[in-house]
1. Quick one: what are the phi-derived ³J(HN,Hα) couplings along the stretch 289-298, Karplus 6.51/-1.76/1.60 with θ = phi - 60°, whole Hz, x for glycine and proline?
2. Run the numbers for Glu203 and Ala128: contour at 0.36 nm per residue of separation, minus the present Cα-Cα distance, in nm.
3. Per residue of the stretch 56-72, what does 6.51 cos²θ - 1.76 cosθ + 1.60 with θ = phi - 60° give for ³J(HN,Hα)? Whole Hz please, x for Gly and Pro, Karplus curve as stated.
4. Which ³J(HN,Hα) values, rounded to whole Hz and listed in residue order, are derived for the stretch 262-276 from phi using the Karplus coefficients 6.51, -1.76 and 1.60 in 6.51 cos²θ - 1.76 cosθ + 1.60 with θ = phi - 60°, glycine and proline given as x?
5. Under a 5 Å amide H to amide H cut-off, with H placed in plane at 1.01 Å, what residues pair with Arg183 once short-range neighbours are removed?
6. In nm, to one decimal, how far is the Glu236 label point from the Asp415 one, both placed 7 Å along Cα→Cβ?
7. Under a crude label model (7 Å from the Cα following the beta-carbon direction), how far is Arg213 from Asp227 in nanometres?
8. Taking 0.36 nm per intervening residue step and subtracting the Cα-Cα distance, what contour gain separates Lys179 from His366 on full extension?
Amino acid sequence: MAEMESGETAPDDIGRVADVLAMRDAAEMDRTRREALVAELRKHAAVGETTLIEWAADEAIERAGWTIEKGSGTYRELCHRLTLAWLEALTRAQERDHGRFDDTPSDPALAAAAAPEQPQETIGAVAAEFMQARPDMSAEYDIAHNAAMRWFLDFVGRDTPVKSIGKREVRAWVVALRKFPSRGSLLKENEGATFQEIVARNEVQQRPVIAPRTVNKNLSIIAGFMDWMVNNDYIESNPTEGQRLPKGKPKNPRDTFTVAQLQTLFNSPLYTGCLSAARKPDMAKPGNVRVGGYAYWVPLLGVWTGARSSELLNLRVGDIQQIDGVWCFRIHGTKTDAAERIVPVHPELEKLGFMAFVAKMKADGHEQLFPDAKGDSLDRLGSRYSKEFSDYIERVGIKSDTSLVFHSLRHTFVDELRRRGYADTVIAVFVGHEGGSVTAGYGKLPQFSPAQRLEIIRDVKHDGLRLEHLYGPNKL
């Protein structure tokens with residue numbers, strides 16, 4: 001316990017302070033009470049319970065003038081060391097009751113505890129190693145991953161020994177996480193603030209807090225870190241197990257787009273000519289300005305691929321490839337291994353000039369397919385675009401509530417394949433969901449060749465949708 005949470009170094013005689021406090025009144029205690037207390041302290045030491053020793057920790061903190069937050073990792077470590085010191089003092093008193101007066105504890109466990117303390121890996125140091133070792137991930141998921149790790153480390157204390165992190169600590173973090181404000185890390189006032197500072201500030205401001213589903217997402221990230229520590233022999237078991245919050249009220253179901261709504265979208269000024277491309281509101285007003293780039297193409301791609309907005313916006317020019325003679329999207333998922341997938345270019349996209357657009361971007365030397373797309377304050381392309389899309393379809397009269405969003409195009413794609421008689425296990429191959437079948441784990445060949453996938457995706461027709469007015473040259 002080298003660092004206090006205030007940043008001040010603890011004095012070297014912390015052990016002596018602990019011994020003095022822990023031994024107080026030990027000699028005067030009668031034998032029966034002493035034996036009962038030793039038994040109880042051993043139980044508490046085994047599970048990391050601190051209630052019996054917190055009086056001593058509070059007194060030590062006050063005497064030394066430290067700034068240690070109660071319940072923090074540093075506080076729990078202090079309690080642990082005081083418990084061992086008190087247990088040793090009481091045990092030596094017990095030994096004197098039996099006529100033994102040397103200074104070496106007879107209990108092997110206490111003798112080991114009295115030995116010079118070996119340096120332990122801290123959670124902060126191990127987390128840094130984990131962050132270096134983790135696989136590459138999308139920029140958007142990388143931001144969420146880093147945030148969850150930072151919040152957890154803020155809470156438990158980066159200098160806390162790895163082996164002192166248990167279910168109690170994880171549970172306390174989850175309780176605190178439920179008080180974290182929704183989108184709290186995006187607020188300017190919270191720039192540079194610690195997790196605890198943001199939570200404390202919100203207890204005054206009373207902003208809406210993150211949903212249980214978001215709490216569980218953050219917990220899943222920490223669970224991955226704990227799994228890595230188990231696999232690398234830092235800890236014996238994963239303390240996040242059994243800590244997920246129960247599912248709350250189901251999310252508002254996402255509506256699917258009707259063909260009439262899709263027709264309204266593709267007949268709107270974004271596709272037929274708008275007042276100005278410089279201001280988002282003007283893009284919903286009729287005019288003579290033609291819009292290209294991501295604003296034009298991403299809704300069309302959503303309709304004919306079923307991909308997430310973040311997956312589409314992060315496409316590179318080189319991700320549109322010819323595989324076994326079939327033009328395909330190589331989509332880099334952001335959620336699961338299944339999200340990495342091959343989706344053929346729908347024939348309707350070729351008619352709309354998409355391949356000509358790709359060729360033009362390649363000829364111009366672009367690496368990203370949509371270099372004009374911008375992220376939010378955390379550089380998340382999908383997050384910013386989803387809001388832009390929702391604002392646009394509201395301005396052109398397609399929606400009036402939150403049930404219809406860009407992700408609804410994904411639901412629409414899934415329903416279209418279901419209408420054609422395809423099972424969800426087949427649809428999962430195209431939208432990047434986990435298939436869940438036992439057979440999926442057998443063999444080496446991928447499910448469906450590019451040619452077979454193309455035949456399936458041809459069945460996405462959206463009967464009655466007319467896009468002939470958009471056929472022709474590529475849109476830039």
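1. 8, 8, 9, x, x, 5, 4, 7, 8, 4
2. 23.9 nm
3. Listing the rounded values in order: 6, 5, 4, 5, 5, 5, 5, 5, 7, x, 6, 10, 10, 6, 4, x, 6 Hz.
4. 5, 5, 4, 4, 7, 9, 7, x, 4, 10, 10, x, 10, 5, 6
5. none
6. Placing both labels 7 Å along Cα→Cβ, they lie 5.3 nm apart.
7. 2.1
8. So the chain would gain 63.0 nm between Lys179 and His366.
The values are calculated or read from the model by the stated rules, or taken from the named source; none is laboratory data. Worth saying up front: this structure is predicted, and the values here are computed from it rather than measured. Methodologically, a virtual Cβ is constructed for each residue, glycine included, from the backbone with ideal geometry; neighbour enumeration extends over all protein chains shown. Heads up: the accessible areas ignore ligands, DNA and RNA and are worked out on the full protein's heavy atoms, side chains in. Shrake-Rupley method; radii C 1.70, N 1.55, O 1.52, S 1.80 Å.
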